[in-house]
Amino acid sequence: SKLAALFEHPLYNIPIPEVTEKDKLFVVNPMEKFSLRSSGSDEWVSSSKAETLLPTGKTAYDTYPAWLKFHIGINRYELYPRQDPLMPTLLQDLATQRIVSSVQKSGGTQLKLIMTFPNYGQALFKPMKQTRDQETPIDFFYFSDFERHNAEIAAFHLDRILDFRRIPPVSGRLVNITKEIRDITTDKKLAKTFFISPAGNVCFYGECSYYCSTEHALCGKPDRLEGSAEHGGHGAAELWDGRGPPRSRSHHPVPLALSSARRWELNPNYCTQVRETPPYDSGHRLLDLIDMTVLDFLMGNMDRHHYETFEKFGNDTFLLHLDNGRGFGTHSRDELSILAPLQQCCSIKKSTYLRLQLLATQPYRLSDLLREALATDPLAPVLAEPHLRALDRRLGKVLAVVGRCLA
């Protein structure tokens, strides 16, 4: 396994600083326990009553579902550890857990659903809108592009291979539109949009500002539909629904206009201005932003109009790389304007640069690693081959830009 070898490499074993209590996102109530409602049930109940006896040697933490353990592990330095023993379970849960509720996520330009599982876990479900081999039309502006379910899945694995680990876990999932959406939804607006197509397939379209109409309906075969299930639910970083800690994220409109890169293109000295603007004038925020532009360039994602961080950690923390559905739309063109921050600022983390160089070598070729990672997904093959080949070409272009900077 090239992937196993990669994660053994010294560049993927650089220790993070020691994590203290104040560096953790959540303080855990040691009395809060979770247990199954009854034997043979998959429904969980939460209890802080001390008489809930635990098997000898077990702590309350051992009773928590995988998604909650994942949230408890979030700290100032990383969303999840490199060798995360929870990851296989989390991805499996996203793909297979019974769905007890499906409602439409409010806001946004395209239809997304929030699915809830018996253990209180939630997933943000983005349905399949186009096939793997369709490219975004050349005349489309990025904001009128579809959000692709397979791009969300591929982005999670790519982010992990780059060792950023800033995208919450995502798995492909096949859902039954009738049993897992229509029959269990409490969302009256969504419920009104189901119909049977002339071909006998179950379809729905929801309510949103783009692509929510009978012409853009999502149809099953006859009621099977694939999509991406992203851990976390509402904003993927939003934390649960009143049964525990409050949401903890802050939303930053990016003054760097990453989505259009117009300011960078029109003003070749724009980076000088950015470097003098808080929070980019100190710490590693600007370097984190450049990590994000590298990720976006590799995926061809032009739709990065803001980023999020966990509010609790202030400016001294990582960026969350959320909403990657408009990546992997074209493999035949490379959008160099995405790299403008790297080209102008001529700054990149040394660790990022060394890893990018490693991923350009034969034993650790980026396309091979991503192909291997995606092969385990329930919807494999997740990406068409030309998208994987484009990654190697784009990686060469990133390294060439850094080379010019060094020169």
- Query: If amide H atoms are built 1.01 Å from N in the plane of the peptide, which residues on other chains or at least 5 residues away come under 5 Å of the amide H of ARG132?
  - Reply: none
- Over the chain: helical MRE at 222 nm, DSSP H runs n ≥ 4 each giving -39500 (n - 2.57), nearest 500: -8000 deg cm²/dmol
- Counting alpha carbon pairs within less than 8 Å and at least 6 residues apart, what relative contact order, in whole percent, applies to the range 247-406? 26 percent
- Message: Could you report the chain's accessible area per residue, 1.4 Å probe, as an integer in Å²?
- Response: 45 Å²
- Between the alpha-carbon centers of the range 70-134 and the range 311-362, tell me the distance in whole angstrom. 23 Å
- Item | ASP334 paired with ALA4, simple spin-label distance in nm, labels 7 Å along Cα-to-beta-carbon | 3.3 nm
- Query: Tell me, what ³J(HN,Hα) does each residue in the range 213-221 have, in order and in whole Hz, if you take phi through Karplus 6.51 cos²θ - 1.76 cosθ + 1.60 with θ = phi - 60° and put x for Gly and Pro?
  - Reply: 7, 4, 5, 10, 5, 9, 10, x, 10
- Query: How many nm is it between the label spots at ALA380 and TYR12, if each spot is 7 Å from the Cα in line with the beta carbon?
  - Reply: 1.6 nm
- Hits among aspartates and glutamates - C-alpha to C-alpha of LYS33 under 15 Å, sequence gap 8 or more where chains match: GLU43, GLU51, ASP62
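Rounded to the nearest percent, how much of the accessible area of the chain (1.4 Å probe, protein heavy atoms only) is carbon and sulfur?
Values: 9990 of 18140 Å².
About 55 percent, which is the carbon plus sulfur part of the accessible surface.
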- Length gain on complete extension for the stretch ASP316 to MET87, per 0.36 nm per residue less the alpha carbon to alpha carbon distance? 79.9 nm
- Message: Can you tell me which lysines have their Cα less than 25 Å from the Cα of LYS2? Leave out same-chain residues fewer than eight positions away.
- Response: LYS349, LYS350, LYS397
- Along the range 181-193, what does the Karplus equation 6.51 cos²θ - 1.76 cosθ + 1.60 (θ = phi - 60°) give for ³J(HN,Hα), rounded to whole Hz, x for Gly and Pro? 10, 4, 6, 10, 6, 9, 8, 4, 5, 5, 4, 6, 9
- A correct Stokes-Einstein calculation for the chain, using the alpha-carbon Kirkwood radius, 37 °C and 0.692 mPa s, returns a whole-number D in µm² s⁻¹ of 146 µm²/s
- Note on the structure: Non-local residues with an amide H under 5 Å from the amide H of THR330, with H modelled 1.01 Å from N and Pro and chain starts lacking one, are THR136
- Just tell me, in residue order, which DSSP H segments of the chain are both 27 angstrom or longer along the helix axis (alpha-carbon based) and at least -1.0 in mean Kyte-Doolittle hydropathy. 385-406
- Using a simple spin-label model with points 7 Å from Cα along the Cα→Cβ vector, what separation in nm is obtained for SER197 and ASN267? 4.8 nm
- Could you tell me which of rounded, prolate or oblate describes the range 247-406, using a ≥ b ≥ c as the square roots of the eigenvalues of the alpha-carbon gyration tensor, with rounded for a/c under 1.5 and, failing that, prolate when a/b is larger than b/c and oblate otherwise? prolate
- Note on the structure: Of the convex hull enclosing the alpha-carbon atoms of the range 326-407, the direction-averaged projected area in nm² is 6.2 nm²
- Message: Take the residue pairs LYS112/LYS221; LYS22/LYS312; LYS105/LYS312; LYS24/LYS312; LYS105/LYS221 and return only those whose Cα atoms are more than 21 Å apart.
- Response: LYS105/LYS312; LYS105/LYS221
- Residue of ILE167, ILE14, ILE72 that the Gaussian network model of the chain assigns the largest fluctuation, springs spanning Cα pairs under 10 Å: ILE14
- Message: Binning at 10 angstrom from zero up to the longest distance, how are the C-alpha pair distances of the range 67-239 distributed in percent?
- Response: 10, 38, 34, 16, 2, 0
- Query: Counting alpha carbon pairs within less than 8 Å and at least 6 residues apart, what relative contact order, in whole percent, applies to the chain?
  - Reply: 17 percent
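The values are calculated or read from the model by the stated rules, or taken from the named source; none is laboratory data. Computed from a predicted structure; not experimentally measured. Because the Cβ atoms are built from the backbone with ideal geometry, glycine has one as well, and the counts that use them run over all protein chains shown. Accessible surface is based on the protein model in full, side chains and every heavy atom, while ligands, DNA and RNA are left aside. Shrake-Rupley method; radii C 1.70, N 1.55, O 1.52, S 1.80 Å.
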